[in-house]
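What follows is a single structure, written as structure tokens, with notes after it.
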Amino acid sequence: MADGLERVRQTVAVIDADPDLAVGLAERDIEAARHLAVAAVIEVRPPEWDTTAIRHQAEDGWLGLFVIDGLMIRRVTVGKRPACELFGPSDLARPWDTDDEYDPLPIGVDWLVLKPTRLAVLDTAFVLRVAPWPTINGRIVGRIAQRARSLALTQAVTHLPRAHARLLLLFWLLAERWGRVGPEGVHVALPLTHGVLAMLIGAQRPTVTLALQRLTRAGLLNRERSDRWLLTNEAIESLGHPESLNLIANGASQEVPAVHDG
């Protein structure tokens, strides 16, 4: 059994894990689909996931691994510069695709597990069982297109000249998916270290630390604990006026305590 991978003795009804997959089904079909749209579950645990075993098991007819819960990142390193993408609930991962086909380029790919993650194996048998309801597979495949649009938007954010502006816009994008609205702003429950944030915005870790200090000093972004951030109401308002982001770098010079990485 590969490090970081454990096959769990359980299955999951995929449309119970993600009810949106049943949208469009007739009422009489939902119960039947619930019993047939069942997949085996594997679990991956921090800190890393060795995908060797699943890559060897995967076949051409597999749709992919559907994230039920948890959080992972796929890290791509070009030379010594890493970048990454987040995988959370309802994302579809296919680690057997192209993860070892970059030779002779100095590119490495690995997977890091930020929170224990359960994955539903959408194998060939699953695809055949849900064939009577093509909307289910259509919605699953639609998640891939949705993800591609999200990655393009995140890439656009990395082209902004200032790191603090990149971070603020990144957290707004993250808040749309992982955020919970409160009186002071939007709480984003993600265990993102400075190193992960640096990979997400295309910056060095020390740059991210300084940018976070600026955002904290400006009352725009606070780290409430190791796995939760607060995007304040002031930050949300400033996003409607992007030119105001340029003023953050010229704010008060008073230093704030370092934002500790966890």
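Report whether or not ARG45 is at pLDDT 90 or above, more than 13 Å from ALA120 (Cα to Cα) and under 20 Å from the mean Cα position of the chain (by Cα).
yes
Mind counting the residues in region 81-103 that are under 14 Å from the mean Cα position of the chain (by Cα) and on the phi > 0 side of the Ramachandran plot?
Of the residues in region 81-103, 1 are under 14 Å from the mean Cα position of the chain (by Cα) and on the phi > 0 side of the Ramachandran plot.
Name every residue in region 55-80 that is farther than 23 Å from LEU105 by Cα and either crowded, with 18+ Cβ neighbours inside 10 Å or under 21 Å from the mean Cα position of the chain (by Cα) (or both), in order of residue number.
Once the filter is applied, which keeps residues that are farther than 23 Å from LEU105 by Cα and either crowded, with 18+ Cβ neighbours inside 10 Å or under 21 Å from the mean Cα position of the chain (by Cα) (or both), region 55-80 yields ALA58, TRP62, LEU63, GLY64, LEU65, PHE66, VAL67, ILE68, ASP69, GLY70, LEU71, MET72.
For region 38-66, how many residues meet the condition of being of a type in the set (A, V, I, L, M, F, W, C) and farther than 19 Å from THR98 by Cβ?
Matching residues across region 38-66 total 7.
Considering only residues of region 176-210 that are in a strand (DSSP E or B) and not small (Gly, Ala, Ser), which is farthest from ASP227 (Cα to Cα)?
Only one residue fits best here, namely VAL181.
If you take the residues in region 207-219 that are of a type outside the set (Gly, Ala, Ser) and out of contact with any Gly (no Cβ under 9 Å at 6 or more places or on another chain), which one is surrounded by the most Cβ atoms within 10 Å (Cβ to Cβ)?
LEU215
Of the residues GLY182, GLY251, which single one is at pLDDT below 95 and farther than 25 Å from ARG147 by Cβ?
Testing whether each residue is at pLDDT below 95 and farther than 25 Å from ARG147 by Cβ leaves just GLY251.
Kindly check whether there is at least one residue in region 97-108 that is outside the structural domain of LEU192 (by TED's automatic domain parsing) and within 30 Å of TRP133 (Cα to Cα).
Initially, region 97-108 is screened for residues outside the structural domain of LEU192 (by TED's automatic domain parsing), giving 97-108.
Remaining after also requiring within 30 Å of TRP133 (Cα to Cα): 97-98.
Yes, some residue in region 97-108 is outside the structural domain of LEU192 (by TED's automatic domain parsing) and within 30 Å of TRP133 (Cα to Cα).
Out of region 211-222, which residues are free of Cβ contacts under 8 Å to residues at least 40 places away in the same chain and part of a helix (DSSP H, G or I)?
Residue satisfying the conditions is ARG217 alone.
When the residues of region 81-128 are narrowed to those that are β-branched (Val, Ile, Thr) and outside any loop (DSSP other than H, G, I, E, B), which ends up surrounded by the most Cβ atoms within 10 Å (Cβ to Cβ)?
Filtering region 81-128 down to residues β-branched (Val, Ile, Thr) leaves 98, 107, 109, 113, 117, 121, 124, 127.
With outside any loop (DSSP other than H, G, I, E, B) added as a condition, the list becomes 107, 109, 113, 117, 121, 124, 127.
Numbers: ILE107: 14, VAL109: 15, VAL113: 20, THR117: 24, VAL121: 21, THR124: 13, VAL127: 15.
Ranking the candidates gives THR117 first.
The values are calculated or read from the model by the stated rules, or taken from the named source; none is laboratory data. The model shown is predicted, which means the values in this text are computed figures rather than measured ones. Heads up, the Cβs are rebuilt from the backbone with ideal geometry, glycines too, and the neighbour counts pull from every protein chain shown.
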